[in-house]
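Novice: Below is the structure I would like to discuss, written out as structure tokens.
The values are calculated or read from the model by the stated rules, or taken from the named source; none is laboratory data. Predicted, not measured: the structure shown is a model, and the values here were computed from it. Positions of Cβ are generated from backbone atoms using ideal geometry, with glycine treated the same way; all protein chains shown enter the neighbour counts. For accessibility, only protein heavy atoms count, side chains too; no ligands or nucleic acids. Shrake-Rupley method; radii C 1.70, N 1.55, O 1.52, S 1.80 Å.
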Amino acid sequence: MAYSLTEVEQVLGARRLQWRVSEGKVSHLLLDSRSIAQVEGGLFFAIVGERHDGHSFLEMAYRAGVRQFVVSREVALENMPDASVLLVDDTLSALQTLATYHRQRHSLRVVGITGSNGKTIVKEWLAQLIGRRERIVRSPKSYNSQVGVPLSVWAIGPQHTLGIFEAGISRMGEMERLGRIIRPNIGIFTNLGPAHREGFPSDEVKLQEKMRLFDTAEVLVFCADHALIAEAARTWAQQKPGRRLFSWSKSGRNADVLFLDIRLGADGRGGWFFHMEWKKAEGETVRRRFSLPFSDEASLENACHCIAALLAIGIPVGAFGQRLNRLEPVDMRLSWKVGINQCALLDDAYSNDPASLRIALQLARQHWPEGPITVILSDFLQIGGGKKQLYTEIAQMLLAYRVRRVIGVGTDVPLLAQGLTPEVQMAFYPSTAALLQDIGNHAFRDELILVKGARFFSLERVVQRLEQRAHRTVLEVDLNALAHNLQAVRRRLKTGTRLMVMVKAASYGSGSIEMARALAVHRVDYLGVAYADEGVELRQAKIELPILVLNPEPSSFDALFRYRLEPEVYSISLLDALIQATGKHRVLPIHLKLDTGMHRLGLMASDLPQAIERLRQYPNLRVQSVFSHLVGSDEPEHDEFTHTQAATFIRLYEGIAEALGYRPLRHLVNSAGIARFPEYHFDMVRLGIGLYGIAPKCMEGELRPVHTLKATISQIKCLPPGATVGYGRRGRLERPSRIATISIGYADGFSRLAGNGRFSVLIRGQRAPTVGNICMDMAMVDVTDIPKAQEGDEVIIFGKQPSLQELADCLQTIPYEVLTHIAGRVKRVYWQE
């Protein structure tokens with residue numbers, strides 16, 4: 001559905017700043033200038049956030065072809081001569097108002113879901129269980145925020161008969177706005193937990209705030225076993241005639257639906273089995289026996305919510321009962337992997353619907369702005385409506401994101417061919433097996449490959465074929481946690497303070513190219529590398545951010561010019577060498593490093609008169625920044641010295657700026673300094689290990705661990721007392737033991753210092769201590785007290801538990817060293833929701 005721009009103007013109560021389109025149409029909403037694909041019918045909202053302002057990217061969106069904008073302040077119209085620009089008081093409120101208007105134009109039934117956990121799983125499972133009975137529109141992924149909900153609701157079309165939307169909040173007043181947008185007929189309250197507790201005075205207040213989602217609902221589904229929720233539900237029902245409660249219980253409480261005789265299958269691996277008793281309003285009791293292919297408590301609760309909701313909606317048990325045992329896991333993670341032949345691999349092989357495809361394509365284009373993209377795509381399952389229309393829309397989406405090649409798997413996906421242009425290479429296969437048999441005939445090289453498919457098609461086998469070969473030890477890098485940590489740091493910065501992120505030493509072992517791409521998406525201001533070769537690698541990967549080289553060498557000077565790298569200047573001899581290389585005409589941005597107490601690299605105060613004299617003679621060496629390095633910013637006992645360093649830096653900088661006649665950027669603090677010394681943030685700060693979740697005590701709880709190092713159990717042996725394990729017979733057993741050999745050794749970065757019981761890994765949620773010496777490629781751990789441990793199980797070396805800091809303490813070192821010692825043969829996997 002498209003609206004005229006005039007209609008949008010009236011709905012928003014906007015004022016025209018400029019009107020260049022006689023009767024423009026609005027069919028889709030744009031918020032991110034980095035992922036604009038389809039410009040016709042697009043309306044760009046300049047959303048103002050905590051650290052980013054969409055008004056700063058209006059010209060970028062205009063250059064991408066956007067011609068319709070909503071802003072909340074006067075902007076430079078001369079730079080957008082052909083644009084229509086509407087002025088409102090608040091662009092986020094305007095976005096929500098437009099989505100509310102769109103929702104009011106459609107009379108479909110809508111399910112609204114809130115709660116602390118399980119919202120996304122319940123939503124996705126409801127869609128699986130309902131299948132083709134309804135033509136469903138739902139929130140993509142976990143789009144449940146103040147921005148995500150309007151974008152989700154905007155997807156409602158006249159063909160849809162049921163909407164399923166989730167809503168999440170983090171502070172007071174948010175749910176009332178989301179409730180107006182979603183306007184659910186049926187509500188589901190999953191549970192109440194500690195998430196976002198800091199945004200509310202109490203759990204009771206948070207509960208009441210969440211209940212605002214159901215102001216328009218006629219039916220509320222909830223678990224009667226949650227006392228606070230049950231009480232709030234009863235109060236809600238009494239507030240307005242006609243409201244109906246639909247409750248369920250596992251504990252035998254008075255409820256509409258009871259789940260009884262709940263048990264796990266053999267050895268806890270067979271999933272849940274349970275009986276249902278439903279007391280219908282007319283007095284009849286319906287009894288059914290169900291099974292669930294999951295064995296965790298959260299899945300059981302989510303399934304109970306789904307069953308109760310389906311009954312409340314009016315869908316008969318016979319329509320979904322058999323599907324319950326075929327529910328598929330909901331993997332909300334998109335994984336970045338290193339592909340064959342210098343390819344980047346975006347793995348989203350477990351779900352397929354139009355909304356999540358668009359998200360994956362946006363992500364692909366953000367990380368791969370200009371390069372070729374191949375999409376391997378399966379049939380779309382459980383999608384109501386006409387297939388021809390669906391695949392025509394998908395084809396238009398693929399064209400909008402400039403996809404070069406499409407490889408389809410399934411019987412319906414060949415319908416794409418009718419909507420794609422001849423420039424797009426196409427190949428279609430009836431099954432995944434057929435594609436795998438022919439995959440060697442496709443030349444994959446220097447491109448991004450997006451694998452997107454319904455779980456039924458097992459496209460993970462294609463991902464495995466296209467991955468660069470590596471052994472089973474994996475370093476997972478959580479890009480969601482990285483983004484969270486960036487925001488946590490930015491919240492501590494004053495407006496206008498720039499952020500440099502250090503990506504030296506392969507981004508502390510994380511992989512420099514992949515991390516630099518992620519940081520570019522999040523719009524950091526500078527990257528820092530140790531040597532020019534690292535900067536060259538980033539430039540060859542099309543990273544365009546400014547790059548500071550901390551240790552430039554004369555042999556790399558040509559690379560500085562060729563790849564637009566900016567060297568640190570830490571001595572007079574290095575400055576003279578750069579002058580000899582540049583002469584008076586070649587322009588080169590440089591950064592002056594001052595030694596204020598580290599006594600490593602850096603210009604001493606006595607060097608500055610000579611340095612300034614040379615810089616006056618060679619103004620083509622433009623000083624971009626002046627900086628220094630704190631010695632002990634993370635240790636309170638050195639605070640007095642830190643203040644002395646800062647005072648010295650300020651004094652030396654002012655002398656340099658006065659002599660040069662301009663003021664370069666100033667930066668002094670590192671990760672710990674950002675947290676502990678806000679008065680020294682100056683013009684820019686340098687973020688290193690803090691990005692990865694290692695925080696000083698004053699930031700504990702604010703940052704999330706980014707890395708998880710995983711291995712697998714290769715073999716388990718049962719050994720008698722007195723047996724020895726490993727080289728030198730150092731691991732002597734004192735009881736009958738089950739000893740697991742795991743796929744990681746000191747050649748992977750798991751140091752020998754962790755052996756002989758000094759460290760414990762995590763297997764099935766329990767700690768398993770090392771036994772004997774760590775070998776080059778393997779280590780042995782004691783799983784005697786983990787009876788369910790079996791070969792092939794995942795082993796966590798560090799992550800949330802055990803933590804990276806715990807391993808570093810065991811090894812008598814620091815987290816930096818642990819990360820940078822992780823070997824290149826360990827596969828890096830990057831994922832995000």
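Novice: Excluding residues on the same chain fewer than 8 positions from LYS827, give the aspartates and glutamates whose Cα lies under 17 Å from its Cα.
Specialist: ASP347, GLU460, GLU467, GLU476, ASP478, GLU514, ASP748, ASP777, GLU794
Novice: Further, regarding this structure: Can you compute the helix-only [θ] at 222 nm over the chain? Use -39500 (n - 2.57) per DSSP H run of at least 4 residues, normalise by all residues, nearest 500 deg cm²/dmol.
Specialist: About -8500 deg cm²/dmol.
Novice: What does the charge count near THR374 come to, summing +1 for each Lys or Arg and -1 for each Asp or Glu among other residues with Cβ under 14 Å from its Cβ?
Specialist: Net of charged neighbours comes to +2.
Novice: Excluding ALA647 itself, what net charge comes from residues whose Cβ is under 14 Å from its Cβ, given Lys and Arg +1 and Asp and Glu -1?
Specialist: Charge balance in the 14 Å sphere: -2.
Novice: Which order do HIS599, HIS522 take when ranked by solvent-accessible area (1.4 Å probe, heavy atoms of all protein chains), largest first?
Specialist: Largest accessible area first, the list is HIS599, HIS522.
Novice: I've got another one for you. Taking every DSSP beta bridge with both residues inside segment 713-833, roughly what % is antiparallel (nearest 5)?
Specialist: So the antiparallel bridges amount to about 95 percent of the total.
Novice: Taking a cut-off of 23 Å between Cα atoms, list the lysines near LYS240, but don't count ones fewer than 8 places away on the same chain.
Specialist: Partners found: LYS206, LYS210, LYS280.
Novice: Sticking with this structure for a sec: What accessible surface, in Å², does a 1.4 Å probe find on THR770, ignoring ligands, DNA and RNA and rounding to the nearest 10?
Specialist: The accessible area comes out at roughly 10 Å².
Novice: In terms of Cα to Cα distance under 27 Å, which lysines are near enough to LYS593, apart from those fewer than 8 places away along the same chain?
Specialist: LYS494, LYS504, LYS584
Novice: DSSP loop GluC sites (Glu not before Pro) in segment 44-139 with at most 16 other Cβ atoms within 10 Å of their Cβ, which ones?
Specialist: Counting only loop positions with at most 16 other Cβ atoms within 10 Å, the GluC sites (Glu not before Pro) in segment 44-139 are GLU50, GLU74.
Novice: Which one, (1) 60.7; (2) 40.2; (3) 45.5, gives mean projected area of the Cα convex hull in nm² as derived from the coordinates shown?
Specialist: Matching entry in (1) 60.7; (2) 40.2; (3) 45.5: (2).
Novice: Share of antiparallel DSSP beta bridges in segment 150-290, in percent to the nearest 5?
Specialist: Close to 55 percent.
Novice: Nearest 0.05, what FRET efficiency do SER714 and GLU553 give at R0 = 51 Å with Cβ-Cβ as r?
Specialist: So, using R0 = 51 Å, E works out to roughly 0.75.
Novice: Further, regarding this structure: Excluding ASP533 itself, calculate the net charge of residues whose Cβ lies under 12 Å from the Cβ of ASP533, where each Lys or Arg counts +1 and each Asp or Glu counts -1.
Specialist: Residues near ASP533 contribute -1 overall.
Novice: Could you work out what % of the accessible surface of segment 216-374 is carbon and sulfur, using a 1.4 angstrom probe and leaving DNA, RNA and ligands out of the count?
Specialist: Reported share for carbon and sulfur atoms: 47 percent.
Novice: Right, here's the next one. If I stretch the segment between SER571 and ARG523 completely, what's the gain in nm (0.36 nm per residue apart, minus their alpha carbon distance), one decimal?
Specialist: 14.1 nm is the gain from fully extending SER571 to ARG523.
Novice: Can you pull the accessible area of LYS788 for me, 1.4 Å probe, Å² to the nearest 10?
Specialist: About 100 Å², ignoring ligands and nucleic acids.
Novice: Subtract the Cα-Cα distance of ARG34 and SER251 from 0.36 nm times their separation in residues, and report this length gain in nm to one decimal.
Specialist: Between ARG34 and SER251, full extension yields an extra 73.1 nm.
Novice: Sticking with this structure for a sec: Of all DSSP beta bridges in the chain, what percent run antiparallel (nearest 5)?
Specialist: Antiparallel bridges: around 40 percent, rounded to the nearest 5.
Novice: For the chain, what is the accessible area per residue in Å², given a 1.4 Å probe and the full set of protein chains?
Specialist: I get 42 Å² per residue for the chain.
Novice: Could you order HIS667, HIS585 by accessible surface area, starting with the largest, using a probe radius of 1.4 Å?
Specialist: HIS585, HIS667
Novice: Give the long-range amide H neighbours of ARG135: residues separated by 5 or more places, or on another chain, with amide H under 5 Å away, using H modelled in the peptide plane at 1.01 Å from N.
Specialist: THR161, LEU162
Novice: Order GLU301, GLU40, GLU166 by their accessible area, 1.4 angstrom probe, all chains in place, largest first.
Specialist: Greatest to least solvent exposure: GLU40, GLU301, GLU166.
Novice: Just going by the charge dipole of the chain, with Lys and Arg at +1 and Asp and Glu at -1 on Cβ, which of PRO414, ILE774, LEU560 is farthest out on the positive end?
Specialist: PRO414
Novice: Roughly speaking, to the nearest percent, how much of segment 691-833's 1.4 Å accessible area is carbon and sulfur?
Specialist: On segment 691-833, the fraction of accessible area on carbon and sulfur atoms equals 49 percent.
Novice: Do any of LYS123/LYS452; LYS25/LYS452; LYS119/LYS697 go past 25 Å between their Cα atoms, and which?
Specialist: In this structure, LYS25/LYS452; LYS119/LYS697 exceed 25 Å between Cα atoms.
Novice: Okay, next question. Please report, in debye to the nearest 20, how large the charge dipole of the chain is about its Cα centre when each Lys and Arg carries +1 at its beta carbon and each Asp and Glu carries -1 there.
Specialist: The calculation lands at about 1660 debye.
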